[in-house]
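> Dropping the structure in here first, questions after.
The values are calculated or read from the model by the stated rules, or taken from the named source; none is laboratory data. Predicted, not measured: the structure shown is a model, and the values here were computed from it. Quick reminder, even Gly has a Cβ in these numbers, built from the backbone with ideal geometry, and neighbours come from all protein chains shown.
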């Protein structure tokens, strides 16, 4: 595939400051015993400037408009810089490992570079024009160079290691349907292409029927000469995401269709399966290898593998879609979209790079509906799961009870959550593709884990958010873009689709950022029926009121009741009518139901109060 370069901004200039050393001699003239003091000026240098920490947001005003990049200061939650020409209709974006460069893939077959800096402005943006038939679904941006997973030709594209306009170098052939290139931030022996092996993909197979798809593969690519390793490594069904440990010794591949994590020994370019029955390390200690980590009860049954600490909390399904590796605790934190859980997995190694005796210990925590991503604070104390269908973020204790501390409401349907933590203070940034506002959660201080502010960007709905450093000291470990589809969550949950679309959504539906853009948006209010038992009572007696509400779109429902006389109490599907104080005769009772969108319905029943026989 051919690529063409185009630079529409000014070239960035590196300014080198030269300092001159001035030497001064003081001549002191004396007269008698009177002396003049000699004063030597001192110019203190002060402390070195601290690295700047930012949240980086790309917004998408419309499918025909240029995207907008916004730099937000970590310390003050203020907009520091903004550029309004980040390519037409950006589809996904990422920030490189140094935290200084941002990249977007745009629908008009361009690749955009912009500096992650307070000096960001339109004339610093550069573009690379891709071939018109390119189908880039993922960007991987280590500290040097840029990789792209390209469906056209089933290749991993490599770009020159330079900032600004990207120079295409080579396309490496890999297995069918490459959805991600992943590797270490720098200095790795090889990077890896993750493929789903689906022929003629629509992009929705691993969202709709992940368990029915073929096994995926992972292909190693040597970073020294871009040679493709053979054979490819077989992993689970519908691999959708991968992340390496910070030491670069293990690659973890999330298999949505198999509810598993495949563990790859990156140094030996193979599954971590050398010692299934036990080997002895240089200190005489026995260790085992772990090629597969199950995330659900179904996966435990299918693989015959049980975590060393058992299956407590595991759901029947998982559907992993995103993970972070936490270096402070040597844990992998996984968002399981289909099972509504977060898995916290010990993936520590011994002193010789072998799996430790606790490797594979798994804690499963139930969170909200459809956690689309998760982030762990730098110190490994807590994790934050973005529950897309609920519009909430669950705060999870990672190192102690492995339970949900609290649940916070956020704007929209969150798909991405990222974090920065400096010492005991930190912030979590939550982005919803159907909303222009960025929710910022404060994680420290006397009242931790509260919504600190909601920052309105007024620049179209947010496409995605990243940070340039997880510890506010430099260096970024989240270097992958996440395009909706191909097993990654859509921009909106299926609960937002109308029934006809949700049963067979297209990739265009999946990438829509507002309900109004979905095919045939449909509003179906709930319905309700209402009955009483018994229907005839005497004064002072009670009757049970039963309401049956149905939402055609499976929205959450709330109930309320009213009576023309007497009193009624209850707020669920049943209520109690009390006839005390009501006259004899029929009493009308109304049952009301409403969904979370404000649509409602009502039905009536009656209870007749009869006087006791004399």
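> List every residue pair whose Cβ atoms sit under 7 Å apart, with the two residues 6 or more apart in sequence or on different chains, where the first one lies in segment 327-339 and is without any contact (Cβ under 8 Å) to a residue 40 or more places away in the chain and on the phi > 0 side of the Ramachandran plot and the second, anywhere, is surrounded by 24 or more Cβ atoms within 10 Å (Cβ to Cβ) and in a strand (DSSP E or B).
none
> State the number of residues belonging to segment 274-288 that are within 19 Å of residue 250 (Cα to Cα) and either loosely packed, with under 11 Cβ neighbours inside 10 Å or modelled with pLDDT of 95 or more (or both).
Taking segment 274-288 first, the residues within 19 Å of residue 250 (Cα to Cα) are 274-276, 278-279, 281, 287-288.
Subset that is either loosely packed, with under 11 Cβ neighbours inside 10 Å or modelled with pLDDT of 95 or more (or both): 278.
Number of matching residues: 1.
> For residues that are touching a helix residue (DSSP H, G or I) at 6+ places or on another chain (Cβ under 9 Å) and buried (at least 24 other Cβ atoms within 10 Å of the Cβ), tally how many sit in segment 178-202.
The number of residues fulfilling the criteria is 2.
> State whether the residues of segment 67-76 include one that is modelled with pLDDT under 90, more than 20 Å from residue 419 (Cα to Cα) and assigned to a strand (DSSP E or B).
Among the residues of segment 67-76, not one is modelled with pLDDT under 90, more than 20 Å from residue 419 (Cα to Cα) and assigned to a strand (DSSP E or B), which makes the answer no.
> Please go through segment 108-133 and pick out each residue that is surrounded by fewer than 20 Cβ atoms within 10 Å (Cβ to Cβ), part of a loop (DSSP other than H, G, I, E, B) and modelled with pLDDT under 90.
Scanning segment 108-133 gives 108, 109, 131, 132, 133.
> Return yes or no: is residue 558 in contact with a strand residue (DSSP E or B) (Cβ under 9 Å, 6 or more places away or on another chain) and closer than 19 Å to residue 606 by Cβ?
It is false that residue 558 is in contact with a strand residue (DSSP E or B) (Cβ under 9 Å, 6 or more places away or on another chain) and closer than 19 Å to residue 606 by Cβ.
> Moving on to the next point. Please verify whether residue 482 is closer than 24 Å to residue 88 by Cα, under 19 Å from the mean Cα position of the chain (by Cα), modelled with pLDDT of 95 or more and assigned to a strand (DSSP E or B), treating the condition exactly as stated.
No.
> Could you tell me which of the residues 183, 145 is under 28 Å from residue 254 (Cβ atoms), free of Cβ contacts under 8 Å to residues at least 40 places away in the same chain and within 24 Å of the chain's Cα centre (by Cα)?
None of the other options fit; the residue is 145.
> I want to confirm something. Restricting to segment 135-158 and keeping residues that are at pLDDT below 90 and on the phi < 0 side of the Ramachandran plot, which single residue is surrounded by the fewest Cβ atoms within 10 Å (Cβ to Cβ)?
144
> Hey, does segment 390-403 have a residue that's closer than 23 Å to residue 59 by Cα, touching a strand residue (DSSP E or B) at 6+ places or on another chain (Cβ under 6 Å) and either surrounded by fewer than 17 Cβ atoms within 10 Å (Cβ to Cβ) or in contact (Cβ under 8 Å) with a residue 12 or more places away in the chain (or both)?
Yes, segment 390-403 contains at least one residue that is closer than 23 Å to residue 59 by Cα, touching a strand residue (DSSP E or B) at 6+ places or on another chain (Cβ under 6 Å) and either surrounded by fewer than 17 Cβ atoms within 10 Å (Cβ to Cβ) or in contact (Cβ under 8 Å) with a residue 12 or more places away in the chain (or both).
> From the list 187, 203, pick out the single residue that is more than 18 Å from residue 87 (Cα to Cα), modelled with pLDDT under 90 and part of a loop (DSSP other than H, G, I, E, B).
Going through 187, 203 in turn, the sole match is 187.
> Right, another one. Could you count how many residues in segment 433-470 are within 30 Å of residue 87 (Cα to Cα) and touching a strand residue (DSSP E or B) at 6+ places or on another chain (Cβ under 8 Å)?
Going through segment 433-470 one residue at a time, the tally reaches 26.
> Where the second residue is modelled with pLDDT under 95 and surrounded by 15 or more Cβ atoms within 10 Å (Cβ to Cβ) and the first is on the phi > 0 side of the Ramachandran plot and in a strand (DSSP E or B) and lies in segment 588-602, which pairs have Cβ atoms under 6 Å and are six or more apart or on separate chains?
none
> Also: Which residues, counting only those in segment 239-270, are on the phi > 0 side of the Ramachandran plot and either crowded, with 24+ Cβ neighbours inside 10 Å or in contact with a helix residue (DSSP H, G or I) (Cβ under 8 Å, 6 or more places away or on another chain) (or both)?
Step one: filter segment 239-270 for residues on the phi > 0 side of the Ramachandran plot, giving 248, 259, 269.
The answer is 259, and nothing else.
> Now for a different question. Hey, can you tell me all the residues within segment 423-458 that are surrounded by 22 or more Cβ atoms within 10 Å (Cβ to Cβ) and either outside any loop (DSSP other than H, G, I, E, B) or modelled with pLDDT under 90 (or both)?
Matches in segment 423-458: 426, 427, 428, 429, 430, 431, 438, 439, 441.
> Of the conditions (1) in contact with a strand residue (DSSP E or B) (Cβ under 6 Å, 6 or more places away or on another chain); (2) under 20 Å from residue 354 (Cα atoms); (3) not in a strand (DSSP E or B), residue 248 fails just one. Which one is it?
For residue 248, the exception is condition (1).
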